[in-house]
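Heads up, the thing below is written out as structure tokens.
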Amino acid sequence: MRRDYPRLASVRWENFVGAIALFFLLETLQAQPAEAGQWNVRDFGAVGDGISLDTEAFNRAIAQAHAAGGGVIVVPAGNYLCGTIRLFTGCTLRVEKGAVIRQSRDPAHYPARRYLLLAENARDVALVGEGTIVGIGEGPLGRLADRSDAQMPAFRAGIALFENCQNVRVAKVRFELSDTWTLTFRFCEDVLVEEVTIRNEYLHTNSDGIDPVSCRKVRIRGCDIVAGDDCVVLKTADKQPCEDVQVWDCTLETIATAIKIGTESSGDFRNIEFRDCTIRNSTVGIGIYVKDGATVEDVRYRRIQIENYRPQGRFTVENAIFPVFMDIERRHADSPVGKIRSIQLEDVVIRSGFGVLVQGMPESPVEQLTIRNMTFYVKDSWDWSKRRKHIGGRRTLSNQRDTEFARLPGWVVLAHVRGLTVDGLRLVASEEEWKRFPREPLLLRHVEGAITQKVERVVPER
């Protein structure tokens, strides 16, 4: 006679094991966030009504994620008023579509540094999502071509600072109305900024877009920036270099300089490339400003479209507009003299009534400058009798080089250069434009070792 006890016993044991497993699973779920690896700021007390201060709720959620070894801090749809939010190693702040983080105007809400988002000495940190972060930078703030009598508020704050961080990513977030620098990276390595939108006030001074300061391995791509100061600007501090930087597929607009190196330049700049960018309505399209002794070398500009700001009678910037501007000078009497060398401009298209100016110093000429396939469409040409070089930052010195070359009658003026190649320069202008202000397509002063070919003046057919 067959006995079924072993089978029945086996079934009962499996049920028992299943019950124990279920018990431990439920206990584990109660100790974890609603979705493994994610912490929702609402679960930590964030209200999101635009009135209640949600800083502590954000920081509690981030702290718990950090304590668990990292994760995603979710900011769902809502309107969140915050002071300083701190990001730590392994944390990603995801600002979802419909979510708005608004910066507080109260100085007491910034106990350490005046930034809305702050990450220091962190690794693997990110700020992502399709939401919006809004600063406190409304209004023109006395921009008016950097008037010396402009009155600055007693309290000012930027949006995000990443300092001494590694592996940083900022993606797809929209930033609006930053009061000072929007995205700042200081002494960081492996930085990726992609597909962000920045909309600052066009006349709000100091409201830069993206500022890598003495960083290594930086990638900036697909960004759309309108700023009241420089859009993408590389700087150096504490004599530390800024190197291995690539910027591409960006659209940039500013009353200042769209693509800039300097003026803060105590450390060197090297291995840098800007490509496939569109610059519009900007005082300076491409700018290199060496004031503090740095060497700027191995910099490439490729397939850049530049359209300058058109003066409208409101400001005085018409005396310092340049599609391309490069300059070496001393910031102070005791500042060291820097260098600019190995610079390439290829397939650059300019639409402007103002000319290019590249000028070294007699004791430090620009070295190994290459211009290849530059097309310059002259439109609404301007009187340069009062033009000055673009200063781009603070200094205590001035000399004849402020105006000596800026007022010369040439659409591309190159001064104090050693080792020059111009291979393809087309100046396209109507007969009326040529007669209004007679200027040479290419004008050289104190240039050694120049090779020029295919430099032509073109009058388009009517």
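Results, tabulated for the structure shown:
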read-out	value
Above-threshold pairs, the threshold being 18 Å between Cα atoms, out of K235/K291; K97/K172; K291/K339; K339/K386	K339/K386
³J(HN,Hα), Karplus 6.51/-1.76/1.60, whole Hz, each residue of region 372-383, x for Gly, Pro	10, 6, 9, 10, 10, 8, 7, 8, 6, 4, 10, 6
Between 0 and 90°, nearest 10: helix 55-67 axis offset from the chain longest Cα axis	70
Principal axis dimensions, region 408-451 - Cα atoms, whole angstrom, descending	35, 21, 8
Cα-centred dipole magnitude for the chain, charges only on beta-carbon of K, R (+1) and D, E (-1), debye, nearest 20	280
Estimated inter-spin distance, W434 and Q64, nm [label 7 Å along Cα→Cβ]	7.4
Region 231-379: C-alpha gyration tensor shape, a/c 1.5 cut-off, then a/b vs b/c	prolate
Projected area averaged over orientations for region 89-241, convex hull of C-alpha atoms, nm²	9.0
Relative contact order of region 382-462, pairs being alpha-carbon contacts under 8 Å that are 6 or more residues apart, as %	34
Gained length - R457 relative to A112, 0.36 nm times residue gap less alpha-carbon distance	118.4 nm
Angle in degrees between helix 5-31 and the longest Cα principal axis of the chain, rounded to the nearest 10	40
Relative contact order (%) - region 252-302, alpha-carbon pairs under 8 angstrom, separation at least six	52
Region 293-365: antiparallel DSSP beta bridges as a percent of all, rounded to 5	5
Mean Cβ count within 10 Å, highest first, over the residues of peptides 66-73, 252-259, 320-327, 404-411	252-259, 320-327, 404-411, 66-73
Computed over region 312-462, Kirkwood Rh from alpha-carbon pairs, angstrom	16.1
Tail weight of P(r) past 30 Å, computed on alpha-carbon pairs of the chain, percent	50
Sequence ranges 225-235, 445-455, 183-193, 44-54, ranked by mean other-Cβ count within 10 angstrom, highest first	225-235, 183-193, 44-54, 445-455
Solvent-accessible area of E56 with every protein chain in place, 1.4 Å probe, in Å² to the nearest 10	110
Distance in nm between pseudo-label sites at E404 and D49 (7 Å out along the Cβ direction from Cα)	6.6
Ratio Rg/Rh, restricted to region 210-262 and using Cα atoms, in which Rh is the Kirkwood radius	0.97
Mean separation of Cα contacts under 8 Å (6+ apart) over length of the chain, as relative contact order %	7
At R0 = 25 Å, FRET efficiency that the Cβ-Cβ distance of R156 and E194 yields, to 0.05	0.35
The chain - mean residue ellipticity at 222 nm from DSSP helices (-39,500 (n - 2.57) per run, n ≥ 4, rounded to 500)	-3500 deg cm²/dmol
Cut-off under 5 Å, modelled amide H: who pairs with V458 long-range	L427, V428, A429
Listed residue (L408, V447, S398) projecting farthest to the positive dipole end of region 372-462, Cβ model	S398
Ranked by how many other beta carbons lie within 10 Å on average, peptides 126-135, 267-276 from highest	126-135, 267-276
Table column - 3J(HN,Hα) (Hz), region 276-287, Karplus curve with 6.51, -1.76, 1.60, x for Gly and Pro	6, 10, 10, 10, 9, 6, 10, 5, 10, x, 10, x
Gyration tensor (alpha-carbon) shape descriptor, region 343-403, a/c threshold 1.5	oblate
Lys/Arg +1, Asp/Glu -1 at C-beta; the chain dipole; positive extreme among C242, I286, G267	I286
³J(HN,Hα), Karplus 6.51/-1.76/1.60, whole Hz, each residue of region 410-423, x for Gly, Pro	x, 6, 10, 10, 10, 10, 6, 10, 10, x, 10, 10, 10, 10
Pairs beyond 30 Å (Cα-Cα), from K239/K379; K239/K389; K260/K379	K239/K379
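The values are calculated or read from the model by the stated rules, or taken from the named source; none is laboratory data. Keep in mind that this is a model prediction, so the values were computed, not measured. No Cβ is skipped: glycine too gets one built from the backbone with ideal geometry, and neighbour counts run over all protein chains shown. Note: areas computed on protein heavy atoms with side chains; ligands, DNA, RNA excluded. Shrake-Rupley method; radii C 1.70, N 1.55, O 1.52, S 1.80 Å.
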